[in-house]
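Every number in this text was worked out from the coordinates using simple rules, so none of it is lab data. Everything quoted here is computed from the prediction, not taken from an experiment. In this analysis, Cβ positions are derived from the backbone assuming ideal geometry, glycine residues included, and neighbour counts consider all displayed protein chains.
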Amino acid sequence: MAAIPKPMNTTSEAIVRWWDKQSDEPRPHLGASEIGRPCKRALWYSFRWATAKKFEGRMKRLFNRGHREEPQFLEELRAIGAEVYERDPDTKQQHRFAGYKGHFAGSCDAIGRGLPEAPKSWAVIEFKTHGEKSFKDLQAKGVKEAKPEHYAQMQVYMGWAELERALYLAVNKNTDELHSEWLHFSQEEFDKYCQKAAQVIDAEEPPEKLSTDPAWYQCKFCDHYAICHGEQVPVKNCRTCVHATPAELGVWGCNAQERELSVSEQRMGCRSHLFIPPLISWAEPLDAGQDWIKYRDRDSGVIFANVTEDASRDETNMTNDIVMCLTSSEWVVTVRKIVNDQLTADIKKQFPDSRVVSSNNIEENDDIPF
C-alpha cells in the first residue's frame, strides 16, 4: 500500500512556512556574541558577509527561543527583588554598545542590581537557553570553559559598560532547570577581545585558517567551510568586493565610487563588483586592471578573469591566454568545472553578451550538458 502523504495544509505547517519567510540577512557589525570564536578567518568571513546562511523555518523558530525566554527571566528577577533594566532609562532603547571604529558592537540583555550574589553591585545580565547536554556541560565546567563565546561576550559588555560584575542566567530547555553564575571583569580579557576585533575589521584579506586540515572538527561545522576548504565562490555584495573598506563610525566606503555605502547598498553590490582575490581559494591572482582581475586555476593552469559588468573584453592586458571572462554575478552561480570547460568558453567568446545563469546540477564528474 502506498504511503499516505503528510498533510501540508495544517496550522503547524503554516507557522513553519511563516518562519521560512523571515529574513536571514547578516548583521551589519562584528558582534560581541561571536568574538569568542576561535577562528579569526571565520569571523572575517562573517563580517564580510561571504556566506549566505539559509535556515529552515523550524530552525529560525528554535533560534528565537532565547528571545521568548527573556520576559520570563526579567519577571523572575524583579520578583526576587532585583532592580533590572532591559532598556536604557534615558533613551528607552536596548543597552547597545559599540567598540572599534563602530564596527564591533553588541546589545546586552539587561543591567541590574540587588542580585543575591552582590546586592549593591550593578551588573551586566545575560540570558541564555541550553539543550540538555549543553546545560549539563555548563553546570560541570562553568561558562568560561563550557561556553567561551558567552564568556567573551560578557567580558566585552562589562568593559563597554564600565562594570565589574556580570550575571549569567541560563535555563535548560528540556527541564526548566536554572543555572546562574557570577562573573568578574578582566581587563586583560577585555583588551584581548577588542584587539582581536580590530584585527578582523582591519584585515583586507582573510586571516590564517584555524586549521589547514579540512577534516578538523571545528572546520567541518563552520558556516564558511565551503569557501575556506572547498570551491564555493562567496556571495556577491560590497563587503566581498575589492573596492569596499570599513571606515570610522561603522561606515563602509567604496573606493571606486568615492562615497559611503548604506547597509542596503552593501547587501546588493553593484556593476563594478570584483571579488577580493584570496576569497577564491582555488585560483591564483596574476594581474589586475580597473575593471578586471586575472586568475590561474591552481590545478589545471587555466587562466580566466573576474570582470565588472561594464568591462571591455579587449583591454591591453586582457590577452588571448584568458579562456573565459566572468562577472561576479556569473561567478556565484558557476562551479569550478564550468570555469575550466573549453566548450563553455568558446560559446561565451562567440556570443559576448551571453551569461552563465546556473550550474547547480553539475557535479565534479559530470559531462557539461551541451
Mean Cα-pair separation over length for the chain, i.e. relative contact order, pairs under 8 Å, 6 or more apart, %: 13 percent
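Suppose every K and R has +1 on its Cβ and every D and E has -1 on its Cβ; what is the size of the dipole of the stretch 233-350 about the Cα centre, in Debye to the nearest 20? Spell out each step's value before the answer.
Values: 13 positive and 17 negative charges, 72 e Å.
Dipole size: approximately 340 debye.
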Label-point separation, residue 351 to residue 257 (7 Å along Cα→Cβ), nm: 3.1 nm
Separation between Cα centres of the stretch 100-162 and the stretch 180-200, rounded to whole Å: 11 Å
Pairwise Cα inverse-distance average, inverted: Kirkwood Rh of the stretch 233-350 (Å): 14.8 Å
Cross-link reach list, lysines versus residue 220, counting only Cα pairs under 22 Å and skipping chain neighbours closer than eight places: 40, 53, 54, 60, 133, 147, 209
Candidates 322, 227, 15: whichever shows maximal mean-square fluctuation once the chain is modelled as a Gaussian network with Cα springs under 10 Å: 15
Simple Cβ-charge dipole of the chain, Lys/Arg +1 and Asp/Glu -1, about Cα centre, in debye nearest 20: 800 debye
Packing-based exposure ordering (other Cβ within 10 Å, fewest first) of 238, 39: 39, 238
Gaussian network model of the chain, Cα within-10 Å springs - most flexible of 35, 347, 111: 347
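Just subtract the alpha-carbon distance of residue 133 and residue 21 from 0.36 nm times their residue separation and send over the number in nm, one decimal. Intermediate results must be reported in sequence, preceding the final value.
Working: separation 112, 0.36 × 112 = 40.32 nm, distance 3.03 nm.
Contour length minus Cα-Cα distance gives 37.3 nm.
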Sequence-separation-based contact order of the stretch 233-350, relative, with Cα cut under 8 Å and 6+ spacing, percent: 20 percent
For the stretch 285-290, 3J(HN,Hα) per residue [Karplus equation, 6.51 cos²θ - 1.76 cosθ + 1.60, θ = phi - 60°, Hz, x = Gly/Pro]: x, 10, 7, 7, x, 4
Listed residues 222, 146, 77: farthest to the positive end of the dipole of the chain (Cβ charges): 77
The stretch 25-201: relative contact order as a whole-number percent, Cα under 8 Å and 6+ apart: 24 percent
Euclidean distance of C-alpha centroids, the stretch 214-279 and the stretch 26-87, integer Å: 22 Å
Fluctuation leader among 334, 51, 11 - the chain, Gaussian network, Cα springs under 10 angstrom: 11
Rg over Rh, two decimals, the stretch 106-197 (C-alpha only, Kirkwood Rh): 0.97
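Hey, what's the Kirkwood Rh for the stretch 25-201 if you take every pair of different alpha carbons, in angstrom?
So the Kirkwood estimate lands at 17.0 Å.
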